[in-house]
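Inspection log for the structure reproduced underneath, given as structure tokens.
Please treat every number below as a calculation from the coordinates, not as lab data. Here the structure is a predicted model, which is why all the values come from computation and not from measurement. So basically every Cβ, Gly included, is an ideal-geometry build from the backbone, and we count neighbours across all protein chains shown.
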Amino acid sequence: MSVGVVMLVHTAFGRAEQVVRHWSAAGCPVVIHVDKSVSRKAFSAFTQSLADVPNVSFSKRYRCEWGTWGIVAATQTASEQILSSFPDVRHVYLASGSCLPLRPVQELIDYLADRPKTDFIESATTADVPWTVGGLDAERFTLRFPFSWKRQRFLFDRYVALQRRLRVNRQVPGGLVPHMGSQWWCLTRQTLSAILQDPARTEYDHYFRRVWIPDESYFQTLVRQYAINIESRSLTLSKFDFQGKPHIFYDDHLQLLRRSDCFVARKIWPHAHRLYDAFLTDPSGAMKKTEPNPGKIDRIFAKAVERRTRGRAGLYMQSRFPREDWENGVTAAPYSMFQGFAELFENFEPWLAKATGARVHGHLFAPEQAYFADNQTAMNGALSNSATLRDYNPHGFLTNLIWNTRGERQCFQFGPRDNQVINWRVAKDPNAQISVISGAWAVPLFRSNANFMDLRKAAAQLQKTESEHLDVLRSTWVKARVRIWTMAEFIEAPMEPLQTILDEIGPNTARRLSEVPRMVDLNGFGQFLQNLKNQGMHPYLMGDFPVEQADAGIDRDRPRKPYLVR
Amino acid sequence: MAPPTLWSRYKLRLRRRRLLWRGFRSRHKLTPVQNHTRQIAPTDILLFATVRNEALRLPYFLQHYRALGVRHFLIIDNGSDDGTVALLTDAPDVSVWRTDASYKSARFGMDWLTWLMMRYGHGHWTVTVDADELLIYPDHETRPLPDLTKWLDAREQRMMGAMMLDLYPKGPPDDQAYRPGQNPCEVLQWFDAHGYWVQRQAKMGNLWLQGGVRARCFFAKNPARAPTLNKIPLVKWNRRYVFVNSTHNALPSGLNRTYDETGRSKVSGVLLHTKFLPGSAERARQEQMRKEHFSNSALYDEYYDAVAEDPDMWSPDATRFTGWQQLLDLRLMSRGDW
């Protein structure tokens, strides 16, 4: 009989009874504190149900409201009772009604017997831990909290604000250093009795009565005065979620809890029948006799909390719809938008696909339809190439595409003929790599066989659209990686820009380019631009083109060879 | 997004009160057939639905929601003639009202539901669904609704959103065999995993989620008319609440915040939509004739015609439904902290 249990209960008495019987069957005396707000009827039914269990007693009842002194008072009284009624007890284990022993109690007894002088209590100074949720950390100890956070939130908040304004700063008595930690501890008789019989206890109690959530700091602070050997960790596995609410374990956590090797876990959902059935009936040795290993669970929970707090970038769905500019990432993955390249190079798309291994689409936002790679009519499930569907929600179209194809780089062509609604979204997206050869839209016009007046009109329109897009891309709000060349600039030395773009796209392209795409024949393009000018439409986005290119006259008949670079 | 002005909020308040009044007035249209509402305990989870000729779906529907932890069903029967009422009155945990009034002029049944929810739903967690909608959510098999609602209560969250997911068979619906009581997912094995799009509606702050198989097959030319898929099936009801447009949005508008705006995500569910069981073509023909289902029914003639032709909606891109875990992985629903 070396371990005694103090159990704080306020609900789910059926489960509490089960667990009490479990402790008691292993020879542990139990002192139970029942919340005073529990009705007399429920209380007497509970005491009746445990009448036949040996070494179980009930302590004086206090009203236990979350975050208030009552819980500490209850713990003190019950601890005093267990220490005085059961002189054999060496360790006192503080548990709640929703705690569930995961390993056979005998293993816990043995474990503690091997460490007779060790106190297991999580205890850290407030400055060192980022646990607190809600902004009150050091202030828990320097302000007064007479109002209930749950029932009198307005008064609570107002009074905190008032004290801040008045610069209230309570002194911690007797040179105590405030520590905090999990409410659930396991202390030795020596330490616990020292705390309870301290001559200055009235002073300490008076101070902690007005501290916020004293159950997480009273014993955690005082233990530092007396303990010989503190293990600053709780033997009770408990987890908190993003909002600081205790995580509840359900039936589906069975395997996770099994693997934790912890002695006790909380909070267990009262209706988790599988958990109670499994752990209360486990034969000894069902789990490995090892050190408790909450690390595994910690990792899983840390991941969940991170997911919850950071969210999944680029996902828009029924339970996640970030406001514009609040999203941590507009899209899920990096992608590239090319403007003017497919116009200037005959085989740009297949070449890019080969050079990078990325999925290279045509003009996704073309007015007729979305040109997916390899002429597919739908991408990854039901993302259709219908222009109507796409234009109904172009942002959604893009973010869906990038989300659905995570893991594979997406590249697409863009141009002033295409739907321009997405321009701002893409420009503000750090995942976007935008490369523009301005004025290249004139090349298809130049090579087309249309009436000149129609060409002139189209050119004016396209130039206006592209110029507006370039204004967006040059604004100070841009977060994408933007590169803009005029067409004249680009064809001077096409290799370098291409190499830079590919280097950025990925590791596949670490090697130097061995092959470049085939440029279209631009003989006569200068004259074409001049003709436009002569008609009063000044094309300026492509930069300065001589009327006749320098080499134009030399070898007009010989087809251009693809140039190779070593 | 500009915050709503005082005036626009006041208009919403007026609208809510008008809808409540309509609901209150509509109580005369309902005739109780079987009223077991005295059995309802204060913490029971209640289910509200309006049905018409659902004898095929109801046996599994009741079974599914009983397993989830719904303790009492409050059902309005709108003129069924296929034994639906007999089927419902056989069950001890079902209360039934009957009405032959117009579904459309009762705001597609919402007025009747408003009254029943005002009368019986106050303070309860309520599930409001159609007979062809089966609610699921992450871990629903091991954590029934009382677990979820208690968890939501602890977080002061008063509702949970869910997305309607159209399930369909491979081949025309009428070629399938389904017997009442069978799990519809055994027949309707397929769904569209992608192709949903979402936007926010400023007026009441609700999302507008569309897409999926019906958008793909029937509304490709006019996506704006594609069915709305977001719903708010689970609400801790207050007698001052009211659903506005089916259960897609509600007032006060705080109820529409089923989604997170700060880059995280909230817990959500999926309503498995079993519309495309055998008989859906015949039903479409009847609904088209009754003109009771859309406020501007004529615009949906093409849709009805298409469904009435008993089409095969399956495509090589369809995904086979395997369970909630899959929907979670596909991000059609999410777990949040749950």
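Out of every Cα pair in the range B:1-144, what percent are spaced more than 27 Å from each other? All intermediate terms of the calculation are to be shown ahead of the outcome.
Numbers: 2753 of 10296 pairs.
Tail of the P(r) past 27 Å holds 27 percent of the pairs.
What is the helix-to-structure angle for A:525-534, meaning the angle in degrees between its Cα long axis and the longest Cα principal axis of chain A, kept from 0 to 90 and rounded to the nearest 10?
80 degrees
Residue farthest toward the positive end of the dipole of the protein assembly as shown, with Cβ of Lys/Arg at +1 and Asp/Glu at -1: which of A:Asn404, B:His72, A:Thr221?
Going by the Cα projections, it comes out as A:Thr221.
Hey, can you grab everything whose amide H is under 5 Å from the amide H of B:Trp190? Only 5+ residues off in sequence or another chain; H modelled, so Pro and N-termini drop out.
Those lying under 5 Å, H to H, from B:Trp190 are B:Tyr168, B:Phe321.
Within a 10 angstrom radius of each residue's Cβ in A:249-255, how many Cβ atoms of other chains show up on average? Whole number is fine.
Values: counts 0, 6, 5, 5, 2, 1, 0.
Partner Cβ neighbours, averaged per residue: 3.
Other chains' Cβ within 10 Å of A:393-406 residues: what's the mean?
3
Given the rule -39500 (n - 2.57) for each run of at least 4 DSSP H residues, summed and divided by the residues of chain A, what is its mean residue ellipticity at 222 nm, to the nearest 500 deg cm²/dmol? Before the final figure, lay out the partial values.
Numbers: 22 runs with 212 residues, N = 566.
Helix contribution divided over all residues of chain A: -11000 deg cm²/dmol.
Once label points are set 7 Å from the Cα along Cα→Cβ at both B:Arg15 and B:Thr89, what is their separation, rounded to one decimal in nm?
Simple spin-label model gives 4.0 nm for this pair.
Considering the Cα positions of chain B, please state its Rg to one decimal place and its Dmax as a whole number of Å.
19.1, 55
I need the Debye-formula profile for the range B:172-230: one equal scatterer per C-alpha, no solvent, reported as log10 I(q)/I(0) at q = 0.18 1/Å, two decimals.
-0.76
Mind listing the long-range amide H neighbours of A:Asp261? Cut-off is under 5 Å, sequence gap 5 or more, other chains count too, H placed in the peptide plane at 1.01 Å from N.
Under 5 Å from the amide H of A:Asp261 lie the amide H atoms of A:Asn293, each far enough along the sequence or on another chain.
Can you tell me what share of the DSSP beta bridges in the range A:335-551 is antiparallel? A percent to the nearest 5 is fine.
15 percent
Just to be sure I understand the model, the point goes 7 Å from the Cα along the line to the Cβ. What's the resulting B:Thr322 to B:Arg22 distance in nm?
It works out to 4.5 nm between the two label points.
Can you list residues whose amide H is under 5 Å from A:Ile434's amide H, if they're 5+ apart or on another chain and H is modeled 1.01 Å from N?
A:Met337, A:Arg481, A:Val482, A:Arg483
Set the Förster distance to 41 Å, then compute FRET efficiency between A:Lys296 and B:Glu156 from the Cβ-Cβ distance, nearest 0.05.
Once the sixth-power term is evaluated, E becomes 0.85.
Nearest 10 degrees, 0 to 90: what angle lies between the long axis of helix A:394-404 and the longest principal axis of chain A (Cα atoms)?
Here the helix axis deviates by roughly 60 degrees.
Report D for the range A:335-551 in µm² per second (integer): Stokes-Einstein, Kirkwood Rh on Cα pairs, 37 °C, 0.692 mPa s.
On the way: Rh = 18.0 Å.
The Stokes-Einstein estimate is 182 µm²/s.
Averaged over peptide B:330-338, how many Cβ atoms belonging to another chain are found within 10 Å of each residue's Cβ?
Taking the mean over all residues of the peptide, I get 6.
Using only the alpha-carbon atoms, what does the protein assembly as shown span along each of its principal axes? Please give whole angstrom values in decreasing order.
110, 73, 57
Would you work out which of A:His271, A:Asn393, A:Tyr93 lies farthest towards the positive end of the dipole of chain A? Charges go on Cβ: Lys and Arg +1, Asp and Glu -1.
A:Tyr93
Of the beta bridges DSSP finds with both residues in the protein assembly as shown, what % are antiparallel, to the nearest 5?
Expressed as a percentage, antiparallel bridges in the protein assembly as shown total about 40.
Computed over the Cα atoms of the range A:3-292, what is the ratio Rg over Rh, Rh following Kirkwood?
Ratio of gyration radius to Kirkwood radius for the range A:3-292: 0.96.
Quick check for me: using +1 on Lys/Arg Cβ and -1 on Asp/Glu Cβ, what's the dipole size of chain A about its Cα centre, in debye to the nearest 20?
Approximately 1800 debye in magnitude.
Ranked highest first by the average count of other Cβ atoms within 10 Å around their residues, in what order do A:476-485, A:525-534 fall?
Peptide ranking by packing, descending: A:525-534, A:476-485.
About its Cα centre, how strong a charge dipole does the range A:388-531 have in debye, to the nearest 20, once Lys and Arg get +1 and Asp and Glu get -1 at the Cβ?
280 debye
I'd like the orientation of helix A:495-505 relative to chain A: the angle between its Cα long axis and the longest Cα principal axis, in ° from 0 to 90, rounded to 10.
Helix A:495-505 sits at roughly 20 degrees to that axis.
Can you work out the FRET efficiency for the pair A:Glu231 and A:Arg481, with r the C-beta to C-beta distance and R0 = 56 Å, to the nearest 0.05?
So, using R0 = 56 Å, E works out to roughly 0.65.
Applying the Karplus parametrisation 6.51 cos²θ - 1.76 cosθ + 1.60 with θ = phi - 60° to the phi angles of the range A:24-33, what ³J(HN,Hα) value in whole Hz is obtained for each residue in order, glycine and proline being reported as x?
5, 4, 8, x, 8, x, 10, 10, 10, 10
If R₀ is 60 angstrom, what is the calculated FRET efficiency for the pair B:Thr37 and B:Ala220, using the beta carbon separation as r and rounding to 0.05?
Approximately 0.85, to the nearest 0.05.
Based only on other Cβ atoms within 10 Å, what is the fewest-to-most ordering of B:Trp208, B:Trp7?
Ascending Cβ contact count within 10 Å gives the list B:Trp7, B:Trp208.
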